[in-house]
Amino acid sequence: MDGIHGDRERSFALAERANALMRDYGPSATPHSYAVWYAYVAGTYPHMNDALKRLTGASGCLTGQDIESLYASYLDPARLSAATERASSSVLSEIAGVMEVLDLSLGSSAQYAASLRTLTQDLDGMPSNQTSSVREVVAALVATTREVTANNRTLEARMRESRREIEALRETLEATRLESLTDPLTGLSNRKHFEDSLGQLVRGASAATPACLIVIDVDSFKRFNDVYGHITGDQVLRLVALVMREHVKAGAILARFGGEEFAMLLPDTGRAAAYAIAETVRTSVMARELVKRSTGESLGKITISLGLAMHQPGDTAVSFLERADQCMFRAKRDGRNRTVDDADGIPADAVLDRNLPNVA
């Protein structure tokens, strides 16, 4: 218990020190900023600490761009995964090159051995007193060639095994990366993947490529959980996810945003098409009858409320998401089981804190 207590006290002490440095030197208290300063005081990444000291030494503080650069260079899991992928690809390429050389070497050795065998056969037809010395040399060369060929084949087998192991490792890393971006209950993208995708879409959006965002909330989900239990509640979430996958085209990001909330990020999709998708998902969910697996009891219909926003010039990830969120809450206030579009107008003071400082 003393060890656990000591670790706890140390982690709190590090957190306090990180917060103090973040206030003194940082531009804001974002999750990335906290991660950078916590790693700094913990001393986890010495190279990052050196880079941070250089930045603060030059200007006396860190900008938001400095924080994002440090996070991306030293802490971002996606960067580490990409670096591992590049390294494994490089190693596989090197192994393939070496094996190509080995194949050529084996071929040359085989040809050389064949030539020696032919020479030996020619010598067999000559008088022994004329060929004894040459025969001994050729025999030694044949033995050496066989040894080299055997060694090359052993090395080739080991290289092939190494390649298989590295390919298996790369597949495992890719599976782990995908797992880290997936919601385990529904199989949809998780919040992290959604936030990353939303940030990328906003940064690359233009007037020529429309994009829409739909936020979904299951109606009266808390009451449903209280009445039927969380296991049955999980069935509801899986049902909504299933309907989303059935009716949304490839290229969209379908995510469980948190709790009973979902999101559909629709690149290259205009307002009318996005509204049609939202309504198709809404009516399809309502058309399904949920049955409790353990008893066969009918649990009635499930309904969802949806908020739709279309990307506008100057949008950030936060403003884009807030507008879709506001539409969803308006759908709730207007009676649930409906889609509200941001073209209908949303009050300017209806601002929601989604705590998304880590996306652009």
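Note on region 263-278: residues that are open to solvent by less than 10 Å² (accessible area, probe 1.4 Å) and within 15 Å of PHE320 (Cβ to Cβ) amount to 6. Taking each residue of region 263-281 that is under 14 Å from PRO210 (Cβ atoms) and looking for partners that are in a helix (DSSP H, G or I) and of a type outside the set (A, V, I, L, M, F, W, C) with beta-carbon atoms closer than 8 Å, six or more apart or interchain, yields LEU265/SER197; ILE277/HIS247.
Right, ASP219: of a type in the set (Asp, Glu) and open to solvent by 20 Å² or more (accessible area, probe 1.4 Å) or not? It is false that ASP219 is of a type in the set (Asp, Glu) and open to solvent by 20 Å² or more (accessible area, probe 1.4 Å). Picking from residues in region 222-241 that are among the aliphatic types (A, V, I, L, M) and in contact (Cβ under 8 Å) with a residue 60 or more places away in the chain, the one that is surrounded by the most Cβ atoms within 10 Å (Cβ to Cβ) is VAL240. Of note, ALA278 satisfies the criterion of being modelled with pLDDT of 95 or more and on the phi < 0 side of the Ramachandran plot. Taking strands (runs of 3 or more DSSP E) as the structural unit, those lying wholly within region 280-338 and holding at least 1 residues that are basic (Lys, Arg) correspond to 298-301. Applying the condition of being at pLDDT 75 or above, of a type outside the set (Lys, Arg) and open to solvent by 70 Å² or more (accessible area, probe 1.4 Å) to region 162-210 and asking which residue is nearest to ASP76 (Cα to Cα) yields GLN200.
Considering only residues in region 200-240 that are of a type outside the set (S, T, N, Q), in contact with a Phe, Trp or Tyr (Cβ under 8 Å, 6 or more places away or on another chain) and assigned to a helix (DSSP H, G or I), the one that is farthest from LEU266 (Cα to Cα) turns out to be GLY233. Against the criterion of being aliphatic (A, V, I, L, M), in a helix (DSSP H, G or I), open to solvent by less than 30 Å² (accessible area, probe 1.4 Å) and without any contact (Cβ under 8 Å) to a residue 60 or more places away in the chain, MET244 qualifies.
Of the residues making up region 11-26, those that are open to solvent by 50 Å² or more (accessible area, probe 1.4 Å) and modelled with pLDDT of 80 or more number 7. When every residue of region 73-88 is checked against the conditions, at least one turns out to be among the aliphatic types (A, V, I, L, M), at pLDDT 80 or above and within 27 Å of GLU171 (Cβ to Cβ).
Condition check ((1) open to solvent by less than 30 Å² (accessible area, probe 1.4 Å); (2) of a type in the set (D, E, K, R); (3) more than 26 Å from GLY199 (Cα to Cα)) across all residues:
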residue	(1), (2), (3)
LYS301	no, yes, yes
ILE304	yes, no, no
GLY307	yes, no, no
ARG323	no, yes, no
PHE329	no, no, no
ASN337	no, no, yes
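The values are calculated or read from the model by the stated rules, or taken from the named source; none is laboratory data. In this text, all values refer to a predicted model and were calculated from it rather than measured experimentally. Here the Cβ is made from the backbone with ideal geometry for all residues, glycine too, and neighbour counts use every protein chain on show. Note: areas computed on protein heavy atoms with side chains; ligands, DNA, RNA excluded. Shrake-Rupley method; radii C 1.70, N 1.55, O 1.52, S 1.80 Å.
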